[in-house]
Amino acid sequence: MQEAQGMPHRGATATGSGRTYGIAAVNWRESAACRSEDPELFFPIGDDGLSLRQIEQARAVCHGCPVVRACGDWALRHAEYDGVWGGMSAEERRSMRRRRTAGSARSPEA
Ligand code: SF4
């Protein structure tokens with residue numbers, strides 16, 4: 001079981017990726033729809049077969065979550081590499097980070 005990965009349903013512990021964060025920065029977790037879900041649902045082992053089904057089940061929880069945007073932003077800002085956050089799989093977040101990095105590299109400096 002991958003407990004305390006910083007997932008919102010584990011409360012304000014905020015120990016994602018071995019780092020700790022201030023409680024004020026993680027208050028959105030208190031409204032997380034996944035607080036009562038099995039954390040393993042949000043951490044599929046692979047990215048095919050049964051894991052794809054698991055990702056879709058986790059996303060279904062995220063789609064009804066009132067803090068989906070805050071959660072996704074958190075995961076992107078803090079480079080959470082594993083699990084489903086903000087309705088996004090790990091691969092989707094990697095792609096988004098690559099696009100953001102490529103976009104900022106092309107932007108002219110102010
Ligand atoms: S968006 Fe998903 S992972 Fe994030 S807090 Fe809501 S239910 Fe949990």
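If P44 passes every condition in (1) out of contact with any Leu (no Cβ under 6 Å at 6 or more places or on another chain); (2) assigned to a helix (DSSP H, G or I) but one, which one does it miss?
Single failed check for P44: (2).
Where the second residue is outside any helix (DSSP H, G or I) and among the aliphatic types (A, V, I, L, M) and the first is within 15 Å of S51 (Cα to Cα) and lies in region 83-103, which pairs have Cβ atoms under 7 Å and are six or more apart or on separate chains?
G83/M7
Quick check on region 77-110: of everything there that is surrounded by 13 or more Cβ atoms within 10 Å (Cβ to Cβ) and among the hydrophobic types (A, V, I, L, M, F, W, C), which residue is modelled with the lowest pLDDT?
M96
Looking at region 50-76, which of its residues are surrounded by 14 or more Cβ atoms within 10 Å (Cβ to Cβ) and in a loop (DSSP other than H, G, I, E, B)?
Those that are surrounded by 14 or more Cβ atoms within 10 Å (Cβ to Cβ) and in a loop (DSSP other than H, G, I, E, B): C65, V67.
Which ones in region 29-41 are within 10 Å of the ligand (Cβ to nearest atom) and not in a helix (DSSP H, G or I)?
A32, E37
Condition check: within 14 Å of the ligand (Cβ to nearest atom) and at pLDDT 95 or above. Does G64 satisfy that?
When the stated conditions are applied, G64 passes them.
The values are calculated or read from the model by the stated rules, or taken from the named source; none is laboratory data. Since we're looking at a predicted model, the values are computed, not measured. Every residue, glycine as well, gets a Cβ built from its backbone with ideal geometry; the counts of neighbours run over all protein chains shown.
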